[in-house]
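Novice: Attaching a single structure in structure tokens format; questions to follow.
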Amino acid sequence: MLQSAYSLSLHVYTPSLMLLLLLRQSLVIGAGGFLGAITRFLVGTWISNRYGSLFPWATFVINITGSFILGFIATLLLSRVLINPNWRLFVTIGFVGAYTTFSTFEYESAQLGFSWQAMGNLVGSVLAGYLAVWLGIRLGELWPVGN
């Protein structure tokens, strides 16, 4: 069964305890987002400097690797490894949420105009992203975990 990163167990808590829980979860997500955004900047800068900007390779690579990371980690943390739910929030919503760049992907595709490059970026990103998340899920299912 697929679980959402947002599906948290929120039992009956007092309002002040609920506020503390949400604050802690927000800080966990923020820490993951901080690292994801910095990683996105570093990876994007390296790829752009190495391969240029005629095609948005940095965004393409970030979206594909982000899809793989999300598929792999979400599979492990949601169904295969018992771990503190804060790690799920840290990685899936925080890190990957800040690391991937869907809105940038759409904007850069539009900047390419109605062209074969734009269509290649749109179709290639979606297909490669789907394949990457599928491979991440399969690897997550096969990954040996201690019992």
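Novice: On a 0 to 90 degree scale, rounded to 10, what angle separates helix 57-75 from the longest Cα axis of the chain?
Specialist: 30 degrees
Novice: Quick one: length gained pulling Val145 to Ala128 fully straight, 0.36 nm per residue minus the C-alpha distance?
Specialist: Working: separation 17, 0.36 × 17 = 6.12 nm, distance 2.73 nm.
So the chain would gain 3.4 nm between Val145 and Ala128.
Novice: Between 0 and 90 degrees, rounded to the nearest ten: what's the tilt of helix 15-51 against the longest Cα principal axis of the chain?
Specialist: 20 degrees
Novice: If you average over every viewing direction, what projected area does the convex hull of the Cα atoms of segment 54-147 give, in nm²?
Specialist: Details: hull surface 24.6 nm².
In nm², the orientation-averaged hull projection of segment 54-147 is 6.1.
Novice: How tilted is helix 102-111 with respect to the longest principal axis of the chain? Cα atoms for both, answer in degrees (0 to 90, nearest 10).
Specialist: Helix 102-111 sits roughly 20 degrees off the main axis of the chain.
Novice: At 0.36 nm per residue, minus the direct Cα-Cα distance, what do Arg138 and Val43 gain on full extension? Give it in nm, one decimal, please. Intermediate values should be presented prior to the final figure.
Specialist: On the way: separation 95, 0.36 × 95 = 34.20 nm, distance 2.49 nm.
My answer for the length gained is 31.7 nm.
Novice: Arrange the following residues from fewest to most other Cβ atoms within 10 Å of their Cβ: Arg40, Arg50, Arg88.
Specialist: Details: Arg40 20, Arg50 9, Arg88 25.
Least crowded to most crowded, the residues run Arg50, Arg40, Arg88.
Laboratory data are not the source of any read-out in this text; all were calculated from the coordinates shown. Everything numeric in this text was worked out from a predicted model, so none of it was measured. Positions of Cβ are backbone-derived with ideal geometry, glycine not excepted, and every protein chain shown enters the neighbour counts.
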